[in-house]
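Trainee: Encoded as structure tokens, here's the structure I'll be asking about.
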Amino acid sequence: MTNLVKEPTRTPGQSSRDLIFQKALQLFTERGYDGTSIDDIRQATGFKSKASFYTHFKSKEELSNALLTKILEDEAHITTKAFQTAPAEPLAQFLSVGRAFIRWGLTNPKEYAFCFLRTQQEMLIRGSYSDEAEQSNDAIKYLIGRMRVKYPVRKITNEALTSMLVGLISKAVIDQASFGKLSVEDKIEQIVEMCLGILFSEKVKY
């Protein structure tokens, strides 16, 4: 009897590359990046042949970088749309982008946690963030700079404020169970209020 090679299990319309991303993210979440091997991912995706799997990615690092880029591009698409559809006023733009970013994080906690941990690891190892992560931070710094003209932004650097805001949001997203049974929208508004408390030296109406 001829041995049949099992094909990777995909949902309708899902490419092999997307399946690899899905399983890699699942394993990175469950076992951690260091606790997951490229062969673990190959087996989880159903590739019997290493050669067929390696036509997509040659190493775990290459796969991880591609996954990080994909997730950050998806997030950037959402926040860019929020910026473009907001009124042309810096606080309104900040709130629109902030809510969109927080909503994306709360509804995609695995993706958010993976990005946060990988970008922090990159900073520790290379001393810099990826281009995509840096662009996201630059957008926040840009809006903070514009708000200084009109609002009581704290007198510390835009870089420090950005780091504090991202840290707060990341803690809230990764540990969102601490909010209890609040709806996503209620969580968003609570996180926004905390962000504004960091950003401004006095209460601002919005």
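The values are calculated or read from the model by the stated rules, or taken from the named source; none is laboratory data. Remember, predicted model here, so these are calculated numbers, not experimental data. We place every Cβ from the backbone using ideal geometry, glycine too, and count neighbours over all the protein chains shown.
Trainee: Mind checking which residues of the stretch 107-122 are under 9 Å from the mean Cα position of the chain (by Cα) and either surrounded by fewer than 16 Cβ atoms within 10 Å (Cβ to Cβ) or in a helix (DSSP H, G or I) (or both)?
Mentor: Residues satisfying the conditions are 109, 110, 111, 112, 113, 114, 115, 116.
Trainee: Of (1) without any contact (Cβ under 8 Å) to a residue 24 or more places away in the chain; (2) more than 19 Å from the chain's Cα centre (by Cα); (3) over 17 Å from residue 104 (Cα atoms), residue 57 satisfies all except one. Which?
Mentor: (1)
Trainee: Now for a different question. Evaluate the stretch 65-79: report whether one residue or more is modelled with pLDDT under 95, surrounded by fewer than 15 Cβ atoms within 10 Å (Cβ to Cβ) and in a loop (DSSP other than H, G, I, E, B).
Mentor: no
Trainee: Right, another one. Which one is surrounded by the fewest Cβ atoms within 10 Å (Cβ to Cβ) among residues in the stretch 41-64 that are basic (Lys, Arg) and assigned to a helix (DSSP H, G or I)?
Mentor: Only one residue tops the list, namely 50.
Trainee: Next question. Given the residues 60, 48, 70, 81, which is the only one that is charged (D, E, K, R) and touching a Ser or Thr at 6+ places or on another chain (Cβ under 8 Å)?
Mentor: Being charged (D, E, K, R) and touching a Ser or Thr at 6+ places or on another chain (Cβ under 8 Å) holds for just one of 60, 48, 70, 81, which is 60.
Trainee: Do the conditions hold for residue 98, that is, is it small (Gly, Ala, Ser), in the same structural domain as residue 140 (by TED's automatic domain parsing) and more than 23 Å from residue 205 (Cα to Cα)?
Mentor: Answer is no for this residue.
Trainee: Still on this model: Six or more apart or on different chains, Cβ under 6 Å: which pairs go from a residue in the stretch 185-201 that's assigned to a strand (DSSP E or B) to one that's modelled with pLDDT of 95 or more? Could you list them?
Mentor: Close Cβ pairs (under 6 Å, with a partner that is modelled with pLDDT of 95 or more) amount to 200/152.
Trainee: From the list 168, 182, 161, 143, exactly one residue is surrounded by 12 or more Cβ atoms within 10 Å (Cβ to Cβ), in the same structural domain as residue 98 (by TED's automatic domain parsing), part of a loop (DSSP other than H, G, I, E, B) and not hydroxyl-bearing (Ser, Thr, Tyr). Which is it?
Mentor: Details: 168 fails: part of a loop (DSSP other than H, G, I, E, B); 161 fails: part of a loop (DSSP other than H, G, I, E, B); 143 fails: part of a loop (DSSP other than H, G, I, E, B).
Every option except 182 fails the conditions.
Trainee: For the stretch 33-58, name all the residues that are touching a helix residue (DSSP H, G or I) at 6+ places or on another chain (Cβ under 6 Å) and among the hydroxyl-bearing types (Ser, Thr, Tyr).
Mentor: Within the stretch 33-58, 36, 45 qualify.
Trainee: Determine, yes or no, whether residue 9 is in contact with a Leu (Cβ under 8 Å, 6 or more places away or on another chain), part of a loop (DSSP other than H, G, I, E, B) and modelled with pLDDT of 90 or more.
Mentor: For residue 9, the condition - in contact with a Leu (Cβ under 8 Å, 6 or more places away or on another chain), part of a loop (DSSP other than H, G, I, E, B) and modelled with pLDDT of 90 or more - is not met.
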